[in-house]
Each structure stands twice: as C-alpha cells, then as structure tokens.
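The values are calculated or read from the model by the stated rules, or taken from the named source; none is laboratory data. This one's a predicted model, so the numbers in the text were calculated from it and none came from an experiment. So basically every Cβ, Gly included, is an ideal-geometry build from the backbone, and we count neighbours across all protein chains shown.
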Amino acid sequence: MAAEGRGRRQSPVLRIRSELPMRWRAGLAVGGLAFVFLLWVWESSRSSGAVIVPSPADTWKAVTAAWSSGQLGKDFGASMGRIGLGYTISMAIGLVVGLLMGSFTSIESAVEAPVAFLRYIPATALTPLLLLWLGIGESPKVTLIVLGTVFFNTLMVADVVRAVPQELIKVSYTLGAGRLAVLRKVILPHSLPGVIDVARINLAAGWLMLVVAELLAAQSGLAYRIVQAQRFHQVDIMFAMLIVFGVIGVASDLVLRWLRNAAAPWARP
Amino acid sequence: MTLSPPESPPELAEPITPEPPATPAGTRKLDMVRVIKTFPARRKAKPVVAVGPVDIHVDQGELVCIVGTSGCGKSTLLNIAGGLETATMGDVSVDGEPVIGPGPDRGMVFQGYSLYPWKTVAENISFGLECQGVDRARRAERVKELLAIMDLVAFADRLPKELSGGMRQRVAIARALAPEPDILLLDEPFGSLDAQTKLAMQEFLLLVWQRTGATILMVTHDVEEALFLSQRVYVMHGRPGRVVEVVDVPFGRSRSTQVKRSPKFLDLRDEIQELFRQPLD
C-alpha cells in the first residue's frame with residue numbers, strides 16, 4: 001500500500017479522548033438508548049412461560065394506572081421520605097467527620113481504622129439486627145440507609161478535603177486566617193463541588209439500602225410495591241416500579257450535577 | 001505599617017502612593033541569624049542538615065533576592081521567615097520580634113499563584129483584610145487602590161481561571177500587599193510564567209516596589225532576575241545550602257532592562273554562575 005503521507009490518520013469517532021461534535025454525541029446517546037429499548041421490545045415479544053417480560057406499552061399502562069389511582073404517589077412519597085431523611089443524616093455526618101479527618105492527621109488516625117473496619121461489614125447484613133432492635137417502623141429503614149452510606153460518604157469527603165492544595169492553606173495562614181477561618185473559608189468552599197459529587201455517587205448505595213429495607217418490612221414504598229406485585233403475579237407493575245426507580249435515579253443525578261455547577265461555577269469543567 | 005482603625009472615616013484612607021514608612025528607611029526589618037534547618041533522621045541515618053547556618057537580613061524598603069539552584073534550601077528559608085516552617089536553630093525576627101508562626105505582617109506569594117478559585121479577583125485581594133476584621137467600606141477602598149496599582153481594575157469581578165498567568169500572579173501579589181505587610185516574601189513568583197510575561201512582571205514588580213515602598217525578600221533560581229530586581233543578592237549553594245556570596249547590586253532603585261546589557265551586570269552574572277559550578281559538597 002502506498003503511503004499517502006507521513007503519520008497515521010485517525011478516525012474522529014474512535015480517537016482516544018477526542019472532541020466530538022455535539023450532534024454526534026447526541027446521536028450516539030439516542031442510539032444507545034434505542035438499542036436497550038429494542039432489546040426490551042424483542043424480549044417481551046418472545047416471552048413465554050414463567051419468564052414474562054411485559055411490553056413497554058403494558059409497562060407504561062401500569063405506570064399511568066398506578067399514578068392515577070394515587071398509589072404511585074403514595075409509594076413515591078414514602079420512599080422519598082425515607083431516603084431524604086436517611087441520606088441527609090448520612091451526608092451531614094459524612095461532611096463533618098470527613099472534613100475533620102481530611103484536615104487533621106490526629107483525627108484521621110483515630111477515625112480511619114474503625115471506619116475502615118465498619119465499612120466492610122455489609123450494611124444489608126445488619127437488617128435483621130436493626131429490625132430486632134428498632135422494630136418495623138420507619139427508624140430501622142432510615143438507620144439502614146444511614147449505615148449503608150455514611151462510611152463511604154465520610155471517607156470520600158475526607159479525600160475531597162485532602163485534595164485542597166497545601167499551598168492554598170499556607171497562603172491563608174500568611175493572610176491572617178486562623179484554623180477555624182481556614183476550615184470555614186478555604187477548605188469548605190474548595191471542597192463544596194467535590195462533596196456534592198460524593199453525594200451524587202453514593203446516592204445509588206442509598207437507594208440500594210432503601211430497597212432492601214422495603215423488601216423486608218414495609219407497608220408502603222416503591223420496593224414494597226414490587227413485593228406486593230410479585231404475590232399477585234403483576235409483572236407489569238414490577239416493571240413499572242423498576243422504571244420509576246431508574247427515572248428517579250437519573251433525575252437525582254441530573255439535579256445534583258446541576259447543583260454542583262450552580263453552587264461552584266468556578267469548578268465547572 | 002498597620003491599618004488605621006476601622007472607625008476612621010474613608011476620606012482619611014491611605015493615598016495610593018508611598019505611605020510614610022512607620023520605620024525610617026535603613027532599619028532592620030527581617031533578620032535571620034545563624035539559621036539551620038535539619039530534617040529528622042530516617043531509619044538509621046543521621047538527621048540531614050538541609051540549610052545553614054545562614055545569615056540573611058532585609059532592611060526597610062529593600063528588595064533582596066536569594067538565588068540558588070533547586071534543592072539548596074532557599075524556599076525553606078523563605079518558609080521559615082514566613083513562619084510556615086520552624087528553624088531547627090538560629091534566630092528569626094521581624095522588627096526585632098521573634099517569628100513564631102505565619103501572619104499577615106509577612107505576606108507570601110508562591111510560584112503556583114494559590115488564588116482562591118471560587119473568589120473573584122477583588123474577593124481574593126480582600127481575603128486578608130476580611131480575616132483581620134477590617135470593615136466592608138475600608139476593604140473595598142483598599143481593594144480598589146490595589147486593583148489600580150496592579151492594573152487589574154477591569155478584572156475585579158473575574159474568576160482566577162479566566163486570567164492569564166501573569167495576571168494571576170499580580171492578584172496574588174495584591175492579595176499579599178492588602179494587609180500592608182512589614183515584608184513581602186516571594187517564592188519563585190515568576191517561575192511558571194513564559195519568558196515574555198516574566199520580563200514584564202519583573203519590570204512591574206520594580207514599579208510596585210518603588211510606588212509602595214514595600215520591603216521585599218524574593219527567592220529565585222534565575223540569576224539575571226535576581227540581579228535585575230534586587231539591591232542585594234544572597235547566593236546560596238552546596239549541601240547543606242549556605243550563602244556562599246553576598247552581592248551588592250550597584251544599580252539604583254529605578255532601572256530599565258537596559259541594565260541587563262551593561263558590562264557590570266554581565267560580570268556579576270558570570271561571577272554568580274561561576275559559583276554554581278563549584279561542587280556541591
């Protein structure tokens with residue numbers, strides 16, 4: 001083959017870390033979604049016997065029916081209440097302890113070992129214990145969400161805090177800032193976008209804990225609805241709830257991304 | 001130089017050009033006497049003497065440079081003066097008072113700018129004043145004054161990421177000057193700038209120095225930069241790093257780049273560079 005010139009020409013689509021026009025990116029995203037959707041349509045069309053896959057249309061019907069009956073709203077509210085409370089507590093603890101861990105070597109030394117141990121205990125394994133201790137009300141569910149996320153939140157916030165450049169802290173001291181001012185006016189604002197990212201990433205674990213709690217003992221909630229539907233073989237409702245989970249997940253991700261960029265425009269990529 | 005009390009009316013604020021120095025020119029500002037810095041022993045090895053003993057002083061209104069190759073401990077010395085590191089032995093004082101920690105009386109500027117990326121230019125400059133509880137009106141006044149001196153007025157509301165390297169370093173200098181430090185400590189401030197910007201910033205620093213009457217100690221590895229800017233150059237070399245030569249620079253307070261072509265300048269440059277060719281140990 002005759003060389004056309006020096007060097008090797010690369011396709012713009014498969015170039016490592018290449019810039020790609022927005023239209024290309026949007027098109028590929030739509031293509032990816034379409035692929036998954038078609039796979040679903042195909043699976044539902046050939047479903048038979050015990051493996052029933054409801055069609056997208058049937059699933060949509062189940063979603064709208066659950067919505068208009070008020071059931072979906074109630075379940076959604078119950079689940080959101082639990083995760084809202086549990087995850088807020090978890091992030092609050094994670095922020096305070098992570099901030100101290102990332103700032104003070106002494107606190108890091110004292111806290112790191114127990115946290116490292118505790119986080120390897122699968123929080124889901126604590127469910128029976130929590131039910132035993134706290135009964136079957138809201139508190140074991142909220143507690144499970146806290147326990148399942150707080151250690152990750154703490155350690156990851158500590159990492160974010162450690163990423164504050166040493167020179168930025170030094171220069172603050174030479175400008176007359178005390179330790180408290182450095183924590184409040186330098187470390188905290190510098191860590192803000194990273195902390196929001198931590199919240200966004202670990203929220204998935206929060207949902208996982210919520211589902212486990214609701215599957216085992218609940219009278220309401222999106223995951224509880226899936227268990228109920230299983231009893232009556234309502235696969236379409238089970239699918240409807242799964243779709244709702246997915247939509248909530250994507251929506252919360254987008255909201256937290258937006259929040260990150262709105263709260264810290266300086267850190268926007 | 002201290003800030004006048006916050007309750008004084010704004011019309012009595014300092015003028016843009018030289019404030020009358022609180023101490024007459026020629027008095028000792030920074031004094032570092034027989035300073036030694038050792039790093040603790042690792043495993044079975046003995047403690048390593050990194051710097052010293054070194055004597056360095058800077059008088060009121062002087063611009064002094066420490067020049068040396070990387071690893072000679074010149075930045076360590078600056079950090080000791082700034083109170084960010086402690087000397088293992090020796091005395092460090094400013095205006096006769098021993099340095100025991102960092103403070104706004106010794107403003108520092110680092111090579112990496114170290115601006116607060118979430119704060120605008122004006123907010124960055126204002127930070128030190130805020131920390132000292134200077135009220136809003138007087139802060140705004142001082143910031144305005146520094147923006148004018150630093151030629152940054154049009155960029156007051158920009159974020160650091162929107163600025164060029166040279167501008168960022170001007171903000172960092174303005175921020176360090178805002179609390180009216182007794183001495184300004186500059187650690188390779190132009191080290192990461194391109195050659196053209198570096199040159200412009202050197203001339204700019206001279207101008208700011210003349211206009212504000214600031215006392216400056218600067219660390220650099222660039223011999224020409226040291227000679228062009230300062231009135232006295234401490235040449236550091238060796239392991240441990242020591243002052244091997246103190247050069248009194250014979251060019252006046254105001255100088256142009258022309259000076260760099262004068263035979264005297266070239267002689268001094270060659271002389272210092274010759275010192276760096278000596279073996280380290």
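Quick grid of which residues meet (1) in a loop (DSSP other than H, G, I, E, B); (2) closer than 30 Å to A:Gln230 by Cα:
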{"residue": "A:Glu4", "(1), (2)": "yes, no"}
{"residue": "A:Gln10", "(1), (2)": "yes, no"}
{"residue": "A:Arg17", "(1), (2)": "yes, no"}
{"residue": "A:Trp24", "(1), (2)": "no, no"}
{"residue": "A:Ala34", "(1), (2)": "no, yes"}
{"residue": "A:Leu38", "(1), (2)": "no, yes"}
{"residue": "A:Trp42", "(1), (2)": "no, yes"}
{"residue": "A:Phe76", "(1), (2)": "no, yes"}
{"residue": "A:Ile83", "(1), (2)": "no, yes"}
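For every residue, the table says whether it meets (1) out of contact with any strand residue (DSSP E or B) (no Cβ under 7 Å at 6 or more places or on another chain); (2) of a type outside the set (Gly, Ala, Ser).
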position	(1), (2)
B:Gly107	no, no
B:Phe110	no, yes
B:Ser114	yes, no
B:Glu123	yes, yes
B:Leu129	yes, yes
B:Asp135	yes, yes
B:Glu141	yes, yes
B:Leu146	yes, yes
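Within segment B:121-144, if we keep just the residues that are part of a loop (DSSP other than H, G, I, E, B) and over 23 Å from the mean Cα position of the chain (by Cα), the residue that is farthest from A:Gly178 (Cα to Cα) turns out to be B:Asp135. Taking the criterion of being surrounded by 15 or more Cβ atoms within 10 Å (Cβ to Cβ) and not in a helix (DSSP H, G or I), the residues of segment A:224-269 that qualify are A:Gln234, A:Ala264. In segment A:162-204, of all residues being within 11 Å of chain B (Cβ to nearest Cβ) and polar (S, T, N, Q), the one that is surrounded by the most Cβ atoms within 10 Å (Cβ to Cβ) corresponds to A:Thr174. Going by the structure shown, is B:Ala41 crowded, with 19+ Cβ neighbours inside 10 Å and not in a strand (DSSP E or B)? Against the criterion (crowded, with 19+ Cβ neighbours inside 10 Å and not in a strand (DSSP E or B)), B:Ala41 does not qualify. Among residues of segment A:63-77 that are at negative phi and in contact (Cβ under 8 Å) with a residue 60 or more places away in the chain, those with a Cβ under 8 angstrom from a residue that is of a type outside the set (Phe, Trp, Tyr) and not in a helix (DSSP H, G or I), sequence gap 6+ or separate chain, pair up as A:Lys74/A:Ser220; A:Asp75/A:Ser220; A:Asp75/A:Gly221. I'd like the full set of residues that are of a type outside the set (A, V, I, L, M), in contact (Cβ under 8 Å) with a residue 24 or more places away in the chain and under 22 Å from A:Leu242 (Cα atoms), limited to segment A:82-119. Scanning segment A:82-119 gives A:Arg82, A:Gly86, A:Tyr87.
For segment B:98-113, the criterion of being under 18 Å from B:Leu207 (Cβ atoms) and either among the aromatic types (Phe, Trp, Tyr) or not in a loop (DSSP other than H, G, I, E, B) (or both) is met by at least one residue.
Of all residue pairs spaced 6 or more apart or on separate chains, those with beta-carbon atoms under 8 Å, a first member in segment B:26-47 that is within 22 Å of B:Val243 (Cα to Cα) and a second member that is loosely packed, with under 11 Cβ neighbours inside 10 Å are B:Arg28/B:Gly96; B:Asp31/B:Gly96; B:Pro47/B:Pro40; B:Pro47/B:Ala41. The residue pairs whose first member lies in segment B:149-162 and is surrounded by fewer than 14 Cβ atoms within 10 Å (Cβ to Cβ), whose second member is part of a loop (DSSP other than H, G, I, E, B) and at pLDDT 90 or above, and whose beta carbons are closer than 6 Å, counting only pairs six or more residues apart or on different chains, are B:Asp157/B:Thr120. The set of residues in segment B:251-281 being surrounded by 12 or more Cβ atoms within 10 Å (Cβ to Cβ) and part of a loop (DSSP other than H, G, I, E, B) consists of B:Phe251, B:Arg255, B:Ser262, B:Leu280.
Screening segment B:156-170 for residues that are within 12 Å of chain A (Cβ to nearest Cβ) and not in a loop (DSSP other than H, G, I, E, B) and picking the one that is nearest to B:Leu206 (Cα to Cα) gives B:Pro160. Here is the figure for segment A:157-182: residues that are out of contact with any Leu (no Cβ under 7 Å at 6 or more places or on another chain) and over 19 Å from B:Pro179 (Cβ atoms) total 8.
Listed here are the residues, each with its yes/no results for (1) assigned by TED's automatic domain parsing to the domain that holds B:Ser126; (2) buried (at least 19 other Cβ atoms within 10 Å of the Cβ); (3) over 19 Å from B:Lys144 (Cβ atoms); (4) of a type in the set (Ser, Thr, Tyr).
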| position | (1), (2), (3), (4) |
| --- | --- |
| B:Met167 | yes, yes, no, no |
| B:Glu188 | no, yes, yes, no |
| B:Gly191 | no, no, yes, no |
| B:Ala200 | no, no, yes, no |
| B:Glu203 | no, no, yes, no |
| B:Thr212 | no, yes, no, yes |
| B:Glu225 | no, yes, yes, no |
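Each row is one residue, and each column tells you yes or no for (1) among the acidic types (Asp, Glu); (2) farther than 21 Å from A:Val63 by Cα; (3) under 11 Å from the mean Cα position of the chain (by Cα); (4) modelled with pLDDT of 90 or more.
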site: A:Ala204; (1), (2), (3), (4): no, yes, yes, yes
site: A:Ala217; (1), (2), (3), (4): no, yes, no, no
site: A:Ala223; (1), (2), (3), (4): no, no, no, yes
site: A:Ile226; (1), (2), (3), (4): no, no, no, yes
site: A:Met238; (1), (2), (3), (4): no, no, no, yes
site: A:Leu242; (1), (2), (3), (4): no, no, no, yes
site: A:Gly249; (1), (2), (3), (4): no, no, yes, yes
site: A:Asp253; (1), (2), (3), (4): yes, yes, yes, yes
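Scanning segment B:84-141 for residues that are free of Cβ contacts under 8 Å to residues at least 60 places away in the same chain, within 14 Å of chain A (Cβ to nearest Cβ) and of a type in the set (Val, Ile, Thr) yields B:Thr86, B:Val99, B:Ile100, B:Thr120, B:Val121, B:Ile125.
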